[in-house]
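Since every read-out is calculated from the coordinates, none of them should be taken as a lab result. Everything numeric here is computed off the predicted structure, so don't read it as measured data. Cβ: placed from backbone, ideal geometry, glycine included. Neighbour counts: every protein chain shown.
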Amino acid sequence: MTTATLSALAALFGSAIGGLTSLATTWLTQHGQWKYQQLTRDRVKREMVFAEFISEASLLYADAFEHESTDISKLSKLFTLISRMRILSSKDIVDHAERVSNLIIETYLSPNRSFKEINEIRKSGALDPLREFAEACREELRRFHA
């Protein structure tokens, strides 16, 4: 091999290695950005489902104090949200959501409550059935973000 050939081959291999390095760097950067965007979308989906569940459960819980029965259709959205959580979230979140839905059903089945009785329930700390659910959601979102 002549010096010119060796020099040309070295330049060719150097260019190929540089190109491959550039390609790998670009791919890794794009992949990292895609993964971050996917995680962000998943987090937003979870936040939306959690917020919607909290809103729906709050309305139903308040309604349950005034009514001894309800249309099953009123509960359907709540159960739909729990099913969506089964897809998106951990078992712990689903368990908390099911406990909230069970409490709502039990409240519907119990006699109507007066405002005075509701105040007594509030003083005992039992008027916020969504507290544990919300705390579990916050913890999951914190872990998910990390």
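Just a few scattered comments:
- For the chain, a Gaussian network of Cα nodes joined below 10 Å ranks 40, 26, 70 by mean-square fluctuation, and the top entry is 26.
- Rounded Å value of the spacing that divides the Cα centres of the range 74-127 and the range 11-58: 36 Å
- Annotation for residue 91 and residue 7: the two label points, set 7 Å from Cα along the Cα-Cβ direction, are 7.0 nm apart.
- Above-threshold pairs, the threshold being 32 Å between Cα atoms, out of 74/116; 35/91; 35/74: 35/74
- Compactness of the range 60-146 as Cα Rg over 2.2 N^0.38 Å, two decimals: 1.21
- Between the listed residues 53, 31, 69, the Cα displaced farthest toward the positive end of the dipole of the range 28-75, a dipole computed from Cβ unit charges relative to the Cα centre, is found at 31.
- Per the Debye formula on identical point scatterers at the alpha carbon atoms of the chain, with no solvent, log10 I(q)/I(0) at q = 0.10, 0.19, 0.20 Å⁻¹ is -0.52, -1.10, -1.16.
- For the options 93, 104, 72, a Gaussian network treatment of the chain with springs between C-alpha atoms closer than 10 Å singles out 72 as fluctuating the most.
- Counted residue by residue at 0.36 nm each, then reduced by the alpha carbon distance between them, the extension gain from residue 144 to residue 112 reaches 7.5 nm.
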